[in-house]
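Chemist: For reference, the structure I am asking about is given below.
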Amino acid sequence: MVRYIANKLFYTLISLFILISATFFLMKAIPGDPFMSEKKVPEEIRQRLMEQYGLDKPVFQQYIKYLGDIVQGDLGISMKKINQEVSDIIGQTFSASLKLGLVAIVVSVIIGVVLGLLAALYHRKIIDNITMVLAVLGIAVPSFVLASLLQYVFASKLHWLPTMGFKGPLYYVLPVAALSAQPIAFIARLTRSSMLEVLHADYIKTAKAKGLSWFAILTRHVVRNGIMPVVTYMGPMTANIVTGSVVIEQIFGIGGIGKQFVQAITSRDYPMIMGITIFYGALLMIARLVTDVAYGLIDPRIKLNARKEG
Amino acid sequence: MKKSKSLLLLLTLVLAVGTLLSACGSNEAKNSASNGNKAANNAANEGDVKLAADQTLKINLSAEPPTFDPAQAQDSQANTVLKMMYEGLVRLDADGKELPGAAESWEVDGTKYTFHIREDAKWSNGDPVTANDFAFAWERVLSPDTQPAPPYAYQLYYIKNAEEFNTGKIKDFSEVGVKAVDEKTLEVELNNPTPYFLGLTSFYTLYPVHQSVKDDAKWATDPNKMIVNGPFTLTAWTTGQSLEVTKNEQYWDKDSIKLNKISMSLVESGATELESYRNGELHRAGAPNGEIPADQIPIVQQEMPDEYKVKGIAGTYYYQFNSKAEPFQNAKIRKAFSMAIDRQAIVERITQGGQIPAFGMVPEGILGSDDQFRTEHNDKDYFQENVDEAKKLLEEGMKEEGYTKLPEITVIHNNGEGHKKVATAIVDMWKKNLGVDVKIQNQEWGVFLKNRQNLDYQIARSGWSADFNDPMTFMDLWTTGAGNNDLGYSNPEYDELIKASRSESDLKKRDEIFAKAEEIFIKQDMAYMPIYYYSNVALEKPNLKGVILDYSGAIDYTRAYLTEE
């Protein structure tokens with residue numbers, strides 16, 4: 001297990017290195033720089049700024065220096081948000097994305113699994129049909145449409161919930177609903193089909209024949225095996241939701257990390273672009289690693305340490 | 001059995017962490033809410049206006065100010081917030097007239113200004129505001145050693161030797177025309193008579209800063225460290241989320257400040273801002289800190305006619321011709337393109353926000369010698385829209401250049417729904433009126449700027465807004481080789497006039513020079529095609545009073561108050 005994780009970590013580091021290098025040179029290839037504006041600053045001042053931030057040096061030299069800083073864990077200082085540390089900005093804005101994202105994930109998993117389970121148990125009954133219609137809707141309706149609709153109905157028309165901001169529990173309701181609709185639908189469908197498969201498996205019949213109670217069969221065999229595809233899906237979903245849905249954050253005025261990323265790119269804030277890219281990259285890779293490990297915990301057939309390579 | 005337990009544990013953990021994180025909401029510093037009520041009660045006696053008990057103003061900024069250091073600021077969001085927190089030597093009233101600010105009086109003698117700092121001007125930590133604080137702040141802006149280099153240092157170039165000091169030609173700040181004679185007297189000497197300099201001292205680059213910032217690069221990133229001299233202090237700041245300022249009890253004129261708190265959300269989307277305003281979460285929405293989506297303007301105008309506010313502001317929206325690119329090296333062809341569009345239709349049907357059709361460079365709101373410059377010099381005298389005339393000019397121009405057919409033409413604009421609609425309408429008018437096919441290309445902001453600066457375009461969208469209240473702010477950028485001249489425009493006669501205006505101290509004559517220069521630029525050369533003068537569209541709750549929007553569209557909330565609904 002330990003060897004497996006160490007192995008994975010090694011490959012994660014190599015991927016990160018490739019990610020950093022590719023992003024750095026691609027970013028430098030885009031026209032423009034952090035000090036461009038509609039009203040140009042005088043050439044002397046501009047030159048001084050370029051020197052102070054080391055942008056007057058050849059790109060490769062900048063790259064080597066950046067790698068050196070990264071190794072020491074220094075993400076640098078934003079070139080647009082004067083004197084603010086990139087790591088501070090990431091930390092502060094990511095906390096909003098993370099809180100919202102975790103709530104959305106928990107809500108998605110619970111509702112999704114329960115709906116899927118109900119649909120499987122009452123296969124071809126009315127509950128199944130309703131759930132599946134909802135699931136198709138949930139997948140088909142884009143989240144930003146749902147978000148705008150929710151905002152219009154519950155904030156603008158009914159005045160039940162706040163339109164925007166992130167100041168307390170009430171502020172979570174609409175964005176979480178918009179954010180989790182799609183994962184709920186997806187999880188419900190996944191759970192349903194895999195539960196159906198499990199319900200018809202031979203070992204369930206054996207269990208029944210053994211005289212095990214229906215509840216015990218459900219919790220011990222059906223759910224446990226039926227949930228496997230959901231766990232697989234949870235890795236990418238978590239990374240996706242937590243890294244901040246830019247559109248949802250924008251509609252509900254939540255100052256998450258997604259907004260910072262977009263702004264950093266538009267304003268060519270190089271250290272911010274790099275910082276958030278590395279952060280996103282690391283997060284995605286860790287999410288995958290955790291998924292793999294969780295897989296092994298649930299399904300004894302998968303022996304992590306028995307594998308030669310991840 | 002053991003495995004299922006660990007699964008359960010995992011799920012429980014996720015659940016617990018999630019709930020915990022969601023519960024610990026915001027951790028911003030809560031400052032006392034009680035101290036503003038006193039002032040609110042005082043002001044309640046004025047006339048029959050009844051002040052609301054809760055003087056908390058709620059507004060939205062569509063972008064987070066990148067800095068609260070006056071020396072580093074360069075955008076309108078920072079301007080809005082810095083105005084709450086700082087005060088320059090003077091401040092401007094609604095008509096753009098200078099009122100005493102940190103300076104209670106001043107004398108002007110040609111190029112020499114003497115400011116008398118008021119005795120009771122104090123920093124938020126209780127220290128007195130002195131002439132040295134201004135000299136210190138200005139030196140900080142100009143010093144080549146300041147990190148990062150203040151981009152707006154050139155706003156101080158009117159001061160004697162300021163440019164030389166900033167560019168390193170002079171090493172000794174004592175040669176620069178700024179001197180603190182004593183604690184309360186500041187002497188400033190300028191290069192040339194500059195009628196707008198007094199107004200400029202209300203601009204953020206010229207705000208004083210507390211001298212303790214010298215050894216602390218991060219002073220402007222932490223609310224607890226910021227020492228200010230304005231009516232409000234920064235009390236909470238959650239990056240990317242919200243800002244809050246609270247009344248400063250040390251401010252010399254605190255009795256005229258009725259608001260207790262201003263809380264600002266940082267939401268980018270204009271649609272969300274509008275919904276939030278409708279839902280009663282904001283007191284004001286729209287320009288200059290946000291934007292009402294163009295397609296919503298006619299709707300809100302109907303829906304909330306009493307709250308709908310339009311004000312012309314000093315900015316010009318235009319399409320610039322690259323005089324170094326075919327076919328626009330020819331003035332007649334430029335004129336033909338400019339005369340063949342219907343500006344009234346554009347402002348009425350496309351932009352719909354009370355913009356004014358433009359035929360000149362200098363917008364409404366900019367002062368001339370006696371009245372507004374635009375009132376004194378009618379821009380309709382420069383040219384008029386006329387399709388037949390335009391067709392004739394195009395033909396003549398093509399003959400001059402030996403074209404049988406115009407080269408392929410593309411107009412570029414930066415991303416934005418509004419820009420796209422205007423471009424589509426204009427290209428359509430050219431097609432209909434001149435029979436010319438023009439392509440449209442939208443470009444990402446950085447790419448767009450680069451192309452414009454490198455003269456890598458034929459026609460490009462552009463806009464210019466005032467830095468100070470004088471025609472000069474719209475004119476000196478088009479002199480030969482000027483940093484912002486991205487037209488390839490060069491006319492010695494124009495350069496000569498701008499140069500002459502700098503040393504002219506007679507306001508009337510100076511005004512005539514500007515009018516002459518504008519005539520050359522537009523009527524004779526049609527170096528760019530003016531489209532409209534900007535306006536600010538906003539929604540304001542009826543119980544919000546005392547908000548000041550100046551000529552440039554900058555907003556001053558410091559003297560605002562809320563009445564009972």
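The values are calculated or read from the model by the stated rules, or taken from the named source; none is laboratory data. Note that the structure is a prediction, hence the values are computed from the model and not measured. Here the Cβ is made from the backbone with ideal geometry for all residues, glycine too, and neighbour counts use every protein chain on show. Side chains included, ligands, DNA and RNA excluded: accessible areas come from the protein's heavy atoms. Shrake-Rupley method; radii C 1.70, N 1.55, O 1.52, S 1.80 Å.
Chemist: Hey, what do the phi angles of the range B:318-332 turn into as Karplus ³J(HN,Hα) couplings, whole Hz, using 6.51/-1.76/1.60 and θ = phi - 60°, x for Gly and Pro?
Modeler: Couplings: 8, 10, 9, 9, 7, 6, 9, 10, 5, x, 8, 6, 9, 5, 5 Hz.
Chemist: Quick one: accessible area per residue over the range B:485-526, 1.4 Å probe, rounded to a whole number of Å²? Can you show the working numbers first?
Modeler: Working: 1950 Å² over 42 residues.
On a per-residue basis, the range B:485-526 sits at 46 Å².
Chemist: With unit charges on the beta carbon (Lys/Arg positive, Asp/Glu negative), name the residue among A:ILE254, A:ALA104, A:GLY168 whose Cα is farthest towards the positive pole of the charge dipole of chain A.
Modeler: A:ALA104
Chemist: While we're looking at this one, here's another question. Please compute the Kirkwood hydrodynamic radius of the range B:51-114 from all pairs of different C-alpha atoms, in Å with one decimal. Numbers along the way, then the final one.
Modeler: Details: mean 1/r = 0.0689 Å⁻¹.
Kirkwood radius, the range B:51-114: 14.5 Å.
Chemist: Here is a further query. Quick check: net charge around B:GLY286, other residues with Cβ under 11 Å of its Cβ, Lys/Arg +1 and Asp/Glu -1? It would help to have the intermediate numbers written out before the result.
Modeler: Numbers: positive: B:ARG284, B:LYS309, B:LYS311; negative: B:GLU273, B:GLU291, B:GLU307, B:GLU540.
Summing Lys/Arg as +1 and Asp/Glu as -1 gives -1.
Chemist: Still on this structure, please answer the following. Report the charge-dipole magnitude of the protein assembly as shown in Debye, nearest 20, computed about the Cα centre from +1 at each Lys and Arg Cβ and -1 at each Asp and Glu Cβ.
Modeler: On the way: 90 positive and 103 negative charges, 1224 e Å.
Computed charge dipole of the protein assembly as shown: roughly 5880 debye.
Chemist: Using +1 on the beta carbon of Lys and Arg, -1 on that of Asp and Glu, and nothing else charged, what's the dipole of chain A about the Cα centre, debye to 20? Write out the running numbers ahead of the final one.
Modeler: Values: 30 positive and 18 negative charges, 233 e Å.
The dipole magnitude comes to about 1120 debye.
Chemist: Turning to a different aspect of this structure: Measure nothing fancy, just the Cα-based angle from helix A:228-242's long axis to the longest principal axis of chain A, in degrees from 0 to 90, nearest 10.
Modeler: It works out to around 30 degrees.
Chemist: With every protein chain left in place, what is the accessible area per residue of chain A in square angstrom, probe 1.4 Å? Numbers along the way, then the final one.
Modeler: Values: 14920 Å² over 310 residues.
Ligands and nucleic acids excluded, the figure is 48 Å² per residue.
Chemist: Related question: Label B:HIS116 and B:SER212 with points 7 Å out from Cα along Cα→Cβ: what is the distance between them in nm?
Modeler: Label-label distance for B:HIS116 and B:SER212, simple model: 3.0 nm.
Chemist: Report, in deg cm²/dmol and to the nearest 500, the calculated mean residue ellipticity at 222 nm for chain B, where each DSSP H run with n ≥ 4 adds -39500 (n - 2.57) and the sum is divided by the residue count. Before the final figure, lay out each step's value.
Modeler: Working: 16 runs with 160 residues, N = 565.
Theoretical 222 nm ellipticity from helices: -8500 deg cm²/dmol.
Chemist: Next up: At a probe of 1.4 Å, how much accessible area disappears from chains A and B on forming the pair, both sides counted, to the nearest 100 Å²? All intermediate terms of the calculation are to be shown ahead of the outcome.
Modeler: Working: alone 17670 and 25910 Å², together 38090 Å².
By this definition, chains A and B bury close to 5500 Å².
Chemist: Here's a follow-up. Collect residues whose amide H, placed 1.01 Å from N in the peptide plane, falls under 5 Å from the amide H of B:GLN250; neighbours closer than 5 in sequence don't count.
Modeler: HN-HN under 5 Å from B:GLN250: empty list.
Chemist: If you don't mind, there's one more thing I want to ask. Work out from phi, with θ = phi - 60° and the Karplus expression 6.51 cos²θ - 1.76 cosθ + 1.60, the ³J(HN,Hα) of each residue of the range B:484-490, listed in order in whole Hz, and give x for Gly and Pro.
Modeler: Those phi angles translate into 9, 6, 10, 9, x, 7, 8 Hz.
Chemist: Now for a separate question. With label points built 7 Å along Cα→Cβ from the Cα atoms of A:LEU149 and B:GLU107, find their separation and express it in nm.
Modeler: Placing both labels 7 Å beyond Cα along the Cβ direction yields 7.4 nm.
Chemist: Of the accessible area of chain B, with the probe set at 1.4 angstrom, what percent is carbon plus sulfur? Display every interim value, and only then the final one.
Modeler: Working: 11190 of 23170 Å².
Carbon with sulfur: 48 percent of the solvent-accessible area.
Chemist: Excluding ligands and nucleic acids, what accessible area in Å² is computed for B:LYS324 using a 1.4 Å probe, to the nearest 10?
Modeler: That residue has around 140 Å² of solvent-accessible surface.
Chemist: Heavy-atom accessible area per residue, the range B:258-389, 1.4 Å probe: how many Å²? Please list the in-between numbers first.
Modeler: Values: 4830 Å² over 132 residues.
Per residue, the range B:258-389 has an accessible area of 37 Å².
Chemist: Based on the Kirkwood radius over alpha-carbon pairs, what is the Stokes-Einstein translational diffusion coefficient of the range A:1-111 at 4 °C with 1.567 mPa s viscosity, in µm²/s?
Modeler: My calculation gives 74 µm²/s for D.
Chemist: Still on this structure, I have one more. Tell me which of B:TYR308, B:VAL141, B:PRO327 sits at the most positive position along the dipole axis of the protein assembly as shown, charges placed on C-beta atoms (Lys, Arg +1; Asp, Glu -1).
Modeler: Going by the charge dipole, the pick is B:TYR308.
Chemist: To the nearest 10 degrees, how steeply does helix B:417-434 sit against the main Cα axis of chain B, on a 0 to 90 scale?
Modeler: For helix B:417-434, the angle is close to 10 degrees.
Chemist: Would you please name the GluC sites (Glu not before Pro) within the range B:176-224 that are DSSP coil residues with at most 14 other C-beta atoms within 10 Å of their C-beta? Before the final figure, lay out the partial values.
Modeler: On the way: sites: B:GLU183, B:GLU187, B:GLU189; in loops: B:GLU183.
Hits after loop and neighbour filter: B:GLU183.
Chemist: Report the local net charge at A:GLY253: Lys and Arg +1, Asp and Glu -1, summed over other residues whose C-beta lies under 10 Å from its C-beta.
Modeler: On the way: positive: A:LYS259; negative: A:GLU249, B:GLU268, B:GLU273, B:GLU275, B:GLU281.
Here the count lands on -4.
Chemist: What value, in deg cm²/dmol to 500, does the helix sum -39500 (n - 2.57) over DSSP H runs of n ≥ 4 give at 222 nm once divided by the residues of chain A? Provide the component values of the computation, followed by the final result.
Modeler: On the way: 13 runs with 213 residues, N = 310.
After summing the helix terms and dividing by residue count, I get -23000 deg cm²/dmol.
Chemist: If you put +1 on each Lys and Arg Cβ and -1 on each Asp and Glu Cβ, how big is the dipole of the range B:312-535 around its Cα centre, in Debye rounded to 20?
Modeler: Details: 27 positive and 36 negative charges, 149 e Å.
Value, rounded to 20: 720 debye.
Chemist: How much of the DSSP beta bridge set in the range B:312-535 is antiparallel, as a percent to the nearest 5?
Modeler: Details: 16 of 24 bridges.
Taking every DSSP beta bridge within the range B:312-535, about 65 percent pair in antiparallel fashion.
Chemist: Still on this model: With everything on Cα atoms, drop me the angle between helix A:86-121 and the longest principal axis of chain A, reported from 0 to 90° to the nearest 10.
Modeler: 20
Chemist: If each Cα of chain B is one equal point scatterer, what is log10 of I(q)/I(0) from the Debye formula at q = 0.11 Å⁻¹?
Modeler: -1.10
Chemist: Kirkwood Rh over alpha-carbon pairs of the range A:88-270, then Stokes-Einstein at 37 °C and 0.692 mPa s: what D in µm² s⁻¹, rounded to an integer?
Modeler: Values: Rh = 18.0 Å.
Estimated diffusion coefficient is 182 µm²/s.
Chemist: What net charge is computed for the residues neighbouring A:LEU212, neighbours being all others with C-beta under 15 Å from the C-beta of A:LEU212, Lys and Arg scored +1, Asp and Glu -1?
Modeler: Working: positive: A:LYS205, A:LYS208, A:LYS210, A:ARG220, A:ARG224; negative: A:ASP202.
For residues surrounding A:LEU212, the net value is +4.
Chemist: A further question follows. Given a 1.4 Å probe and every protein chain left where it sits, what share in percent of the accessible area of chain A is carbon and sulfur?
Modeler: Numbers: 10200 of 14920 Å².
Answer for chain A: carbon and sulfur cover 68 percent of the accessible area.
Chemist: When only Cα pairs under 8 Å and 6 or more residues apart are kept, what is the percent relative contact order across chain A?
Modeler: Values: 333 pairs, mean separation 88.1, N = 310.
Here the relative contact order equals 28 percent.
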